[in-house]
């Protein structure tokens, strides 16, 4: 995963570093990357394009690394720093499918004009 992330777009690498810092400072959690560029059936193509990274939260049914308030705070800070004009969030805390594990999905656009400064 580390080599995949190191080969991703620089903007994604920087946002992932921000997530790492916030994870440690807010939640006291060492973030665990679960996906960078590996393709998954039914996906949009963001990950194989090197514009998305997933971080683990739920590691077994109903067992989480992050308190929900900490997860919300991390999302709030990242989405404020990387505010987009297209209505999309840079960081979401979600499930890919109904019964899949809860995780953070960090996604960046290659169009820098989308980001409000």
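The values are calculated or read from the model by the stated rules, or taken from the named source; none is laboratory data. Note that this is a predicted model, so its numbers are computed, not measured. Counting neighbours? That spans all protein chains shown, and the Cβs are built from the backbone with ideal geometry, glycine included.
Before moving on, here are some points about what is shown:
- Those strands (runs of 3 or more DSSP E) of the range 5-66 in which at least 2 residues are under 14 Å from the mean Cα position of the chain (by Cα), considering only elements entirely within it, cover 33-35, 52-56.
- Within the range 92-108, considering residues that are without any contact (Cβ under 8 Å) to a residue 60 or more places away in the chain and closer than 19 Å to residue 49 by Cα, the one surrounded by the most Cβ atoms within 10 Å (Cβ to Cβ): 105
- Residue 53 under 18 Å from residue 101 (Cβ atoms), modelled with pLDDT under 95, surrounded by 15 or more Cβ atoms within 10 Å (Cβ to Cβ) and touching a helix residue (DSSP H, G or I) at 6+ places or on another chain (Cβ under 6 Å): no
- In the range 72-91, the qualifying residues are those that are within 11 Å of the chain's Cα centre (by Cα) and part of a helix (DSSP H, G or I), and the one that is surrounded by the most Cβ atoms within 10 Å (Cβ to Cβ) is 74.
- Cβ pairs under 8 Å, 6+ apart, first in the range 39-58 and free of Cβ contacts under 8 Å to residues at least 12 places away in the same chain, second outside any loop (DSSP other than H, G, I, E, B) and exposed (fewer than 15 other Cβ atoms within 10 Å of the Cβ): none
- The condition of being out of contact with any strand residue (DSSP E or B) (no Cβ under 9 Å at 6 or more places or on another chain), at positive phi and touching a residue at least 12 places away in the same chain (Cβ under 8 Å) does not hold for residue 28.
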